[in-house]
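J.: First the structure, which I've put down as structure tokens, then a few questions once you've had a look.
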Ligand code: PEP
Ligand code: MN
């Protein structure tokens, strides 16, 4: 896919701030939809969102009003002038969204995982000039995300964008969906002109972290935010814990800092360049150290081969990880960070030793 083909729909909006998409998780009633939209009219939100087909993890929860809610969303545009967006999960939803002149169609995380569903929706939307935003798949798989974007692009949809809503993980963490920031950064690296929007609501799963995640997204040069908003969050019919009021949304957007692309002052540029030189030297030392470590690891591999002992020595590994975690914590490095780095080093070490132990000579 050629990145140059992405349209400039977002720049064409000529906003003076990152794009804000806001509105309830679910369209509950016509009154609820319109009340929230009117409260959002005076915020930074340009686009009104509401889920009308709700993909719920477990049955028995509110699954949305379906097509019945489409006229309510159309009314939002009529009464407030906001652009509108809904989630579609199949070709039928997509056709209905076009029929009701919804401006932006978003693809949910549970749909992005399924290339058949994506192809069906792309075919239904073929050639549309509506904007299509593709949420990342639930699992941390960049190719699956890119694959879905490619399918829409191939169907002649030029007004595309991506939404980062975090990734599901079996491991408990403070997030509902781990941000795994490197994945959207890699996406941006591959498609620099593709607008990238962050959905802190589904990353956090609660109200607490919304500001911090939003600020991180802006610091990473995301182009916009999608934030779930309700006039009575506690009593929302879905995702009650993570929704905020339009007033709170305004507080957040007022406090968020949009950083400049680069430093412009001469002194600061020089200072930054010096620090970057230092980083380059340190990075070289890190790579040299890792190379030295691997050489020692290979020598150990040689001994293990001669004595025919197993590569993984559990107690030794537990000993190493404990020592480095303690050392790291003393220096203000998190346990999680040190564990990730050393698990990765350990993996590479095992691969090196495998080669030696299993070599013929
Ligand atoms: C939503 O935006 O309400 C939603 C269902 O999101 P996701 O697809 O990211 O889970
Ligand atoms: Mn939701």
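The values are calculated or read from the model by the stated rules, or taken from the named source; none is laboratory data. Note that the structure is predicted; figures quoted are calculated from it, not measured. Glycine also receives a Cβ, built like all others from the backbone with ideal geometry; neighbour counts cover every protein chain displayed.
J.: Select from segment 1-35 the residues that are in contact with a helix residue (DSSP H, G or I) (Cβ under 7 Å, 6 or more places away or on another chain), farther than 23 Å from residue 129 by Cβ and within 16 Å of ligand 1 (Cβ to nearest atom) and list them in ascending order.
T.: 22, 24, 27, 33 - these are the residues of segment 1-35 that are in contact with a helix residue (DSSP H, G or I) (Cβ under 7 Å, 6 or more places away or on another chain), farther than 23 Å from residue 129 by Cβ and within 16 Å of ligand 1 (Cβ to nearest atom).
J.: Taking segment 42-69 as the region of interest, how many residues are without any contact (Cβ under 8 Å) to a residue 24 or more places away in the chain and either under 24 Å from the mean Cα position of the chain (by Cα) or surrounded by 13 or more Cβ atoms within 10 Å (Cβ to Cβ) (or both)?
T.: Residues flagged as without any contact (Cβ under 8 Å) to a residue 24 or more places away in the chain and either under 24 Å from the mean Cα position of the chain (by Cα) or surrounded by 13 or more Cβ atoms within 10 Å (Cβ to Cβ) (or both) within segment 42-69 amount to 4.
J.: Look through 270, 339, 348, 329 and report the one residue that is free of Cβ contacts under 8 Å to residues at least 60 places away in the same chain and farther than 30 Å from residue 173 by Cα.
T.: 270
J.: Follow-up. Go over the candidates 311, 252 one by one and state the one that is modelled with pLDDT of 95 or more and either under 29 Å from residue 221 (Cβ atoms) or over 35 Å from the mean Cα position of the chain (by Cα) (or both).
T.: None of the other options fit; the residue is 252.
J.: Ok, one more. Please give the number of the condition residue 167 fails out of (1) within 13 Å of ligand 1 (Cβ to nearest atom); (2) more than 20 Å from residue 85 (Cα to Cα); (3) touching a helix residue (DSSP H, G or I) at 6+ places or on another chain (Cβ under 6 Å).
T.: Single failed check for residue 167: (3).
J.: Separate question: If I filter segment 216-225 down to residues being crowded, with 18+ Cβ neighbours inside 10 Å and in a helix (DSSP H, G or I), which single residue comes out as nearest to ligand 1 (Cβ to nearest atom)?
T.: So in segment 216-225, the residues crowded, with 18+ Cβ neighbours inside 10 Å come out as 217-218, 222-225.
Checking which are in a helix (DSSP H, G or I) leaves us with 217-218.
Numbers: 217: 15, 218: 19 Å.
The qualifying residue nearest to ligand 1 (Cβ to nearest atom) is 217.
J.: Could you tell me which of the residues 207, 176 is within 16 Å of ligand 1 (Cβ to nearest atom), closer than 17 Å to residue 140 by Cα, part of a loop (DSSP other than H, G, I, E, B) and out of contact with any helix residue (DSSP H, G or I) (no Cβ under 6 Å at 6 or more places or on another chain)? Before the answer, list the steps.
T.: Values: 207 fails: closer than 17 Å to residue 140 by Cα.
Of 207, 176, the one residue that is within 16 Å of ligand 1 (Cβ to nearest atom), closer than 17 Å to residue 140 by Cα, part of a loop (DSSP other than H, G, I, E, B) and out of contact with any helix residue (DSSP H, G or I) (no Cβ under 6 Å at 6 or more places or on another chain) is 176.
J.: May I ask you to list the residues in segment 232-258 that are away from ligand 2 (no atom under 16 Å from the Cβ) and either loosely packed, with under 11 Cβ neighbours inside 10 Å or in a helix (DSSP H, G or I) (or both)?
T.: The answer is 246, 247, 248, 250, 251, 252, 253, 254, 255, 257.
J.: Give, as residue ranges, the helices (runs of 4 or more DSSP H) completely inside segment 3-101 that count at least 1 residues that are farther than 21 Å from residue 243 by Cβ.
T.: On the way: elements: 9-12, 30-40, 70-80, 91-99.
Ranges flagged: 9-12, 70-80, 91-99.
Residue by residue, here is whether (1) within 16 Å of ligand 1 (Cβ to nearest atom); (2) at pLDDT 95 or above; (3) more than 24 Å from the chain's Cα centre (by Cα) holds:
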| site | (1), (2), (3) |
| --- | --- |
| 85 | yes, yes, no |
| 88 | yes, yes, no |
| 97 | yes, yes, yes |
| 114 | yes, yes, no |
| 121 | yes, yes, no |
| 151 | no, yes, no |
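J.: Any residue that is within 23 Å of residue 201 (Cα to Cα), surrounded by 19 or more Cβ atoms within 10 Å (Cβ to Cβ) and within 16 Å of ligand 2 (Cβ to nearest atom) - is there at least one of those in segment 110-128?
T.: yes
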